[in-house]
Amino acid sequence: MKDWWVEKMKLYIKQKVFSFRGRFYIRDEKNRDRFYAEGVPFTWGRKLYVYDIKGNQVGFISKKIWSFLRKYYIEVGGRTYTLVKEYTFFRSRYYLEGLSWTMKGDFMAHEYSLEDYKGVVMSMSKHWFTWGDSYELDIVDPDNEVLCLSIALAIDCMNADSSNNN
């Protein structure tokens, strides 16, 4: 059982606009490299590997190619989750399969939160007017760090797909 006084941890995702290898680093609140993600060029669908700073693969994100709804598979800790983007009349809505967490927020402003029955698991906000995409993640439980990071990266991949299609 976790102590209730444990502070939230922060991760910062900063992607370069013109990255040859598609690698970018994820840092903590003390500006230390914690993880890096690396895309796979020239594949069907987007694929993104997540590594800890020692080079151990801790997550994998891949786009489902043939699907009516946009879907990404998120593999973390031997389990697979599915992030689904469905279209409603006025806006997009995201949900997760394989988790009891719900997603809430203003998806047009890129302000999201993941919640379980106890409250917020992670909040995610996009920093505007930066060179490349920049996100700040507030993660409540360090045990969910890699899963929350992978979900945030999958959301960013979906948003990139949407902006490329427009």
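Rounded to the nearest Hz, the phi-derived 3J(HN,Hα) couplings of segment 32-40 under the Karplus curve 6.51 cos²θ - 1.76 cosθ + 1.60 (θ = phi - 60°) are 8, 5, 10, 9, 9, 10, 9, x, 9, where x marks glycine and proline.
Past 26 Å, Cα to Cα: identify those pairs from LYS30/LYS63; LYS85/LYS118; LYS8/LYS71; LYS85/LYS126, in the order given. Check vs 26 Å cut-off fails for LYS30/LYS63; LYS8/LYS71.
Read the figures in this text as sums done on the coordinates, not as results from a lab. Just so it is clear, the structure is predicted and the values come from calculations on it, not from any experiment.
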